[in-house]
Amino acid sequence: MATDRDKIAMLVRHWVEHNEGHRGSYLEWRDKLSDQDLPVTLAALQEVADLTDRANEALRRAAAELAGGEVTAAPEQAAHTHEHTHPHTHEHTHEHEHSHEH
C-alpha cells in the first residue's frame, strides 16, 4: 500500500510534467503572436512561462527531498540556475523590462 509520502512524490512528478506542457503552450502562443502588436499579451505569456519555471524548481526541490536526495537551496538563497529537459529558446522580437539571461 502506498504511503502519503509515495503519493505526494508521484503527484509532484506529475505536476512538473503537467506544468511543462502548459509552459510549452504559453511559449508556442507567444511565438505565434510575436509579429502582432500585442506587447502586454506577449509579455504576459513570457512571464507565466517564467513563473512556471520557478514553480517547477520548487517542485523539483520537493521531489529531491521526497526521494531522499540532496536538496539545493531555494532561488532566493542561491543564484538562479535551472535546467530544462526540453528544447526552447528565450529569443523573441518583442521588448519588455526583464532579462532572459540565465
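Bear in mind these aren't lab numbers, they're just calculated from the coordinates by the rules spelled out. Every value quoted in this text rests on a predicted model; they were computed, and no experiment measured them. Here the Cβ positions follow ideal geometry from the backbone for every residue, glycine too, while neighbour counts run over all protein chains shown.
Some observations on this one:
- Extending 7 Å from the Cα toward the beta-carbon at both Leu38 and Asn19 defines two label points whose distance is 2.5 nm.
- In order through segment 11-19: 3J(HN,Hα) via Karplus (6.51 cos²θ - 1.76 cosθ + 1.60), integer Hz, x for Gly, Pro: 4, 4, 4, 4, 4, 4, 4, 4, 4
- Average projection area in nm² (convex hull over Cα atoms of segment 4-68, one quarter of hull surface): 4.2
- Efficiency of FRET between Trp29 and Ala62 - r from beta-carbon atoms, R0 35 angstrom, step 0.05: 0.80
- Net lengthening on full extension, Arg54/Met10 (0.36 nm per residue, minus Cα-Cα): 13.9 nm
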